[in-house]
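Just so it is clear, none of the values below were taken in a lab; they were calculated from the coordinates. Being a predicted model, the structure only gives us computed values, none of them experimental. Quick reminder, even Gly has a Cβ in these numbers, built from the backbone with ideal geometry, and neighbours come from all protein chains shown.
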Amino acid sequence: MHRSSQVHDSTVINPANEELIPTISLGSVVDPDWAVAAAQRAFESYSEPSLEERLGLLRRIIEVYQSKMGEMAETISIEMGSPISLSRKAQAPAGLAHLAEIVKVLRNSGSRAQGFDAHAKRDSSPMELAQEPDRV
């Protein structure tokens, strides 16, 4: 799928001092379809690895996240105008906490996390699966 070149951009302004931050892309009308298609392609291969392989992938994501934590805190602080101490202590680590919870859930779910039923994989949203843990 080819992404449209009609992308909408927006200038970000630091609310603390009203300085302009570099322009960010808000995307285009085809981006949601492109993202869903990419996620579907990725899920097919991601659903195959063992629990240990998935945990290894998550550990690597966590390593990279941790290595970029300072940069993320600075960016969050600039974009939101929040104190850097808040960005370092709460905002940047929030994503890491979510990743850690995913690892915890995978470890605690044992063999149930190694794969989804083929129909559940294709026909259920993550929210539906979360509400029906016996299907996972």
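Filter the GluC sites (Glu not before Pro) in the range 1-100 to those in DSSP coil with at most 13 other Cβ atoms within 10 Å of their Cβ, and list the result.
Values: sites: 18, 19, 44, 52, 53, 63, 71, 74, 79; in loops: 18, 19.
Those satisfying the criteria are 18, 19.
Compute the signed sum of charges (Lys and Arg +1, Asp and Glu -1) over the other residues within less than 15 Å, Cβ to Cβ, of residue 74. Can you show the working numbers first?
Details: positive: 68, 88, 89; negative: 19, 71, 79.
Net local charge, residue 74 excluded: 0.
Please report the projected area of the range 1-46's Cα convex hull averaged over all directions, in nm². List each step's numbers first, then the result.
Details: hull surface 18.9 nm².
Mean orientational projected area (the range 1-46, Cα hull): 4.7 nm².
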